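The values are calculated or read from the model by the stated rules, or taken from the named source; none is laboratory data. No experiment lies behind these values; they were computed from the predicted model shown. Cβ atoms come from the backbone with ideal geometry, glycine included; neighbour counts cover every protein chain shown.
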Amino acid sequence: SLTAGIVGLPNVGKSTLFNAITQAGAEAANYPFATIDPNVGIVEVPDNRLNKLTDLVQPKKTVPTTFEFTDIAGIVKGASKGEGLGNQFLSHIRQVDAICQVVRCFEDDNITHVSGRINPIDDIEVINLELILADLETVTKRMQRVEKLARQKDKAAVAEYDVLSKLKTGLEDEQPARATDFTEEQQKIVKGLHLLTSKPTLYVANVSEAEITDPDSNENVQKVKAYAAKENAQVIVVCAKIEEEIAELDQEEKELFLEDLGIAESGLDKLIKAAYSLLGLATYFTAGEQEVRAWTFRKGIKAPQAAGIIHTDFERGFIRAETVSYDDLIAAGTMNQAKENGRVRLEGKEYIVKDGDVIHFRFNV
Ligand code: GDP
């Protein structure tokens, strides 16, 4: 499954946030026999639709879908030169599918900042530069390898060399690979390079307890937002300290706590949703009397593959996907009414599953 890595300079609140993630985590309940890497935190994906479907169907059990975060410790200046734990850090980043970069926006004189003062843009650039330098090395090495073939006018090599040159120009200009535009064909080549700066990225602005109700009053948050806007990246504001406290509460207490603070949704819940969609993930539902359940799929997959997420037999013996959109089902009030309204479709093998589909798979065993 896909995972988002949590990175950031020391003392920005990564461990605090990751602690909140594992506290809130689903592992104890849903993975009793699994050995879970201590650096992986599995959380439930908050989804109000699941609650509504539960009200509608009244099943015996409701099962949310989950999402994995990976804690990536140890970024230091000079990582790309292999300093300190640098190489290890980069290889851990290589293994994740998206990056959530935690940026310190809270002031606290008792907590040292690595460079002595709070400057979120400098912090972001320290990390991004290490990733850019590592990619520059990957790209340069690759160029040396394809250069000869490209000079001999080998078609594939010429195409790759073009892509590499373009990447190199951007990286030398301190631009992440994701900021360079490529055609669809070229994107396939870029993908094959597994660059660190082509991974989808979002920023997590960590603010103080006092600022959580009005984060825009924090100048650092404004700066991070402006920076992120330039690369079309999202910013999620959290107070890691508060998230840590919330994670210890049960659902009811949590709602009261948030209501007291005057916020609709916890920062962590926002982060989970944002990371999920950053990775191109979406949710479909199954809704039976036994169980109402949310399932994660990658946007773009077809019905049989989606069935395969539940069980390989469902994919192999796939016949039809009886499908109704969440909105149509809720509007109808019951599954039977949705059928009467003609809203339940029989979809075949070529159907591209959509976020919010409620599906009953028919299959041969
Ligand atoms: P890491 O090195 O990035 O993992 O940072 P930590 O999570 O260990 O946090 C460093 C220090 O900052 C700890 O003393 C935390 O309690 C504190 N800290 C983290 N998040 C917040 C926050 O939102 N508000 C305040 N006031 N302190 C925080």
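Residues of region 242-257 being surrounded by 16 or more Cβ atoms within 10 Å (Cβ to Cβ) and either within 16 Å of the ligand (Cβ to nearest atom) or among the aromatic types (Phe, Trp, Tyr) (or both), which ones?
ILE242, GLU243, GLU244, ILE246, ALA247
Only residues that are assigned to a loop (DSSP other than H, G, I, E, B), within 15 Å of the ligand (Cβ to nearest atom) and surrounded by fewer than 20 Cβ atoms within 10 Å (Cβ to Cβ): list them for region 258-267, please.
Residue satisfying the conditions is ILE263 alone.
Within region 96-119, track down each residue that is surrounded by fewer than 12 Cβ atoms within 10 Å (Cβ to Cβ) and more than 10 Å from the ligand (Cβ to nearest atom).
Of everything in region 96-119, those that are surrounded by fewer than 12 Cβ atoms within 10 Å (Cβ to Cβ) and more than 10 Å from the ligand (Cβ to nearest atom) turn out to be ASP109, GLY116, ARG117.
Would you tally the residues in region 331-349 being over 18 Å from ARG362 (Cβ atoms) and either of a type in the set (Ser, Thr, Tyr) or assigned to a helix (DSSP H, G or I) (or both)?
Residues in region 331-349 being over 18 Å from ARG362 (Cβ atoms) and either of a type in the set (Ser, Thr, Tyr) or assigned to a helix (DSSP H, G or I) (or both): 5 in total.
Quickly run through region 189-207 and pick out the residues that are small (Gly, Ala, Ser) and surrounded by fewer than 16 Cβ atoms within 10 Å (Cβ to Cβ).
Across region 189-207, the qualifying residue is only GLY192.
Please enumerate the residues belonging to region 170-188 that are surrounded by fewer than 17 Cβ atoms within 10 Å (Cβ to Cβ) and over 17 Å from ALA134 (Cβ atoms).
ASP181, THR183, GLU184, GLU185, GLN187, LYS188
With ASP97, ASP135 as the choices, which residue is under 29 Å from THR3 (Cβ atoms), in contact with a Pro (Cβ under 9 Å, 6 or more places away or on another chain), acidic (Asp, Glu) and assigned by TED's automatic domain parsing to the domain that holds LYS273?
Going through ASP97, ASP135 in turn, just one is under 29 Å from THR3 (Cβ atoms), in contact with a Pro (Cβ under 9 Å, 6 or more places away or on another chain), acidic (Asp, Glu) and assigned by TED's automatic domain parsing to the domain that holds LYS273: ASP97.
Restricting attention to region 321-338, report how many residues are in contact with a helix residue (DSSP H, G or I) (Cβ under 6 Å, 6 or more places away or on another chain) and within 20 Å of LYS302 (Cα to Cα).
Number of matching residues: 3.
For region 333-347, state whether one or more residues are loosely packed, with under 15 Cβ neighbours inside 10 Å and in contact (Cβ under 8 Å) with a residue 60 or more places away in the chain.
yes
Taking the residues in region 178-199 that are in contact with a Lys or Arg (Cβ under 9 Å, 6 or more places away or on another chain) and of a type in the set (Gly, Ala, Ser) as candidates, determine which candidate is farthest from ILE93 (Cα to Cα).
Ranking the candidates gives ALA179 first.
Regarding THR286, is this residue more than 16 Å from the ligand (Cβ to nearest atom) and either out of contact with any strand residue (DSSP E or B) (no Cβ under 9 Å at 6 or more places or on another chain) or closer than 30 Å to VAL12 by Cβ (or both)? Show your work before the answer.
Working: more than 16 Å from the ligand (Cβ to nearest atom): yes; either out of contact with any strand residue (DSSP E or B) (no Cβ under 9 Å at 6 or more places or on another chain) or closer than 30 Å to VAL12 by Cβ (or both): no.
So THR286 does not fit the description; no.
For GLU147, indicate whether it is surrounded by fewer than 16 Cβ atoms within 10 Å (Cβ to Cβ), more than 30 Å from ILE272 (Cβ to Cβ) and touching a helix residue (DSSP H, G or I) at 6+ places or on another chain (Cβ under 8 Å).
yes
What number of residues within region 210-244 satisfy the criterion of being outside any helix (DSSP H, G or I) and over 16 Å from ILE272 (Cα atoms)?
First pass over region 210-244, keeping only residues outside any helix (DSSP H, G or I): 212-214, 218, 231-239.
Subset that is over 16 Å from ILE272 (Cα atoms): 212-214, 218, 231-232.
Looking only at that region, the number is 6.
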